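Q: Let me give you the structure first, and then I'll get to my questions.
Just so it is clear, none of the values below were taken in a lab; they were calculated from the coordinates. Because the structure is a prediction, the values reported are computed rather than measured. Neighbour counts run over all protein chains shown; Cβ positions are idealised from the backbone, glycine included.
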Amino acid sequence: MKLKYFLFLMPLLLLTSCFDILDKVNIRADGSGDYTLILNASKSKTRIASLSKMETVNGKKVPKRSEIESKINQAAQIFKTTPGISNVKTSMDFDNYIIKLSCSFKKIENINTGLENLKAKNIIGKMIPTNMYSQNIQNKTLTRNKINTFKEDYNKLSAADKEVFATAKYVSVMQFENTIKSQSNSLYQLSPNKKALKLDGNILDFILQKKQLHNNIQFQ
């Protein structure tokens with residue numbers, strides 16, 4: 001496993017274990033909606049700023065700001081040309097090391113296609129899951145699809161690479177126009193109005209599948 005390909009869009013995250021990934025979808029009753037991905041390494045901005053001046057860290061090339069910007073711009077362009085995806089926006093805060101990619105979609109499966117297109121262009125690595133969501137409007141269901149375990153690949157990493165995941169966090173938020181009737185994964189927190197779900201934890205928990213992203217959601 002090439003660790004730099006496991007993390008989406010921001011190679012500088014390889015230099016620190018203190019970062020958060022927020023994956024957020026907002027889905028309307030007709031299946032259209034908005035998708036946002038935020039990579040936040042502000043807790044480690046001092047360390048990253050220092051390490052970014054070096055050529056290599058732990059034997060890995062340290063990416064320059066221009067290289068990171070190029071990757072993000074490539075990702076945005078690919079999303080813009082994906083059918084069903086519109087309103088693609090990116091923001092890059094290199095003072096606090098916060099990167100954001102957002103877009104609108106006609107149906108949630110458009111996001112799967114966008115991620116698959118990123119993989120085809122080597123913007124993300126082969127092990128990044130792309131078949132993330134599926135929805136059946138008529139049956140009033142949405143599925144957060146199951147992803148494969150990365151345990152075997154994680155065990156092959158060096159101690160320095162494993163340290164990257166030590167305190168890294170992942171948060172998944174799903175908001176809906178429809179009211180949730182039931183879900184199959186009780187680890188997701190249901191909002192009081194029953195129109196949102198949240199799952200968070202250490203990224204390592206999801207890599208080793210101590211926590212599952214998979215969830216079958218039924219709407220009223």
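Q: Which residue, chosen from SER191, VAL164, GLY201, occupies the Cα position most advanced towards the positive end of the dipole of the stretch 146-202, where the dipole is computed from +1 (Lys, Arg) and -1 (Asp, Glu) charges on Cβ about the Cα centre?
A: Most positive-ward Cα: SER191.
Q: With N residues in the chain, what two-decimal value do you get for its Cα radius of gyration over 2.2 N^0.38 Å? Numbers along the way, then the final one.
A: Numbers: Rg = 17.5 Å, N = 220, 2.2 N^0.38 = 17.1 Å.
That works out to 1.03 for the chain.
Q: Roughly speaking, what is the stretch gain from LYS146 to PHE94, that is 0.36 nm per residue apart minus the C-alpha to C-alpha distance, in nm to one decimal?
A: 15.4 nm
Q: Right, next: If I stretch the segment between ARG47 and THR81 completely, what's the gain in nm (0.36 nm per residue apart, minus their alpha carbon distance), one decimal?
A: Working it through step by step, the gained length comes to 8.6 nm.
Q: Follow-up. Over the stretch 98-151, what lengths in whole Å, largest first, do the semi-axes of the equivalent ellipsoid take, defined as the square roots of 5 times the eigenvalues of the alpha-carbon gyration tensor?
A: Taking √(5λ) for each Cα gyration eigenvalue gives 22, 16, 10 Å.
Q: At a Förster distance of 22 Å, what's the computed FRET efficiency of ASP153 paired with ASN26, Cβ-Cβ distance as r, to 0.05? Walk me through the numbers before you get to the answer.
A: Details: r = 32 Å, r/R0 = 1.45.
Step by step, r from the Cβ atoms, then E = 0.10.
Q: Now a separate question. Defining a contact as two alpha carbons under 8 Å apart and six or more residues distant in sequence, what relative contact order in percent does the stretch 3-219 show?
A: Once normalised by length, the contact order is 24 percent.
Q: To check you understand DSSP bridge types, tell me what percent of the beta bridges within the chain (both residues inside) are antiparallel, rounded to 5.
A: The antiparallel fraction comes to roughly 85 percent.
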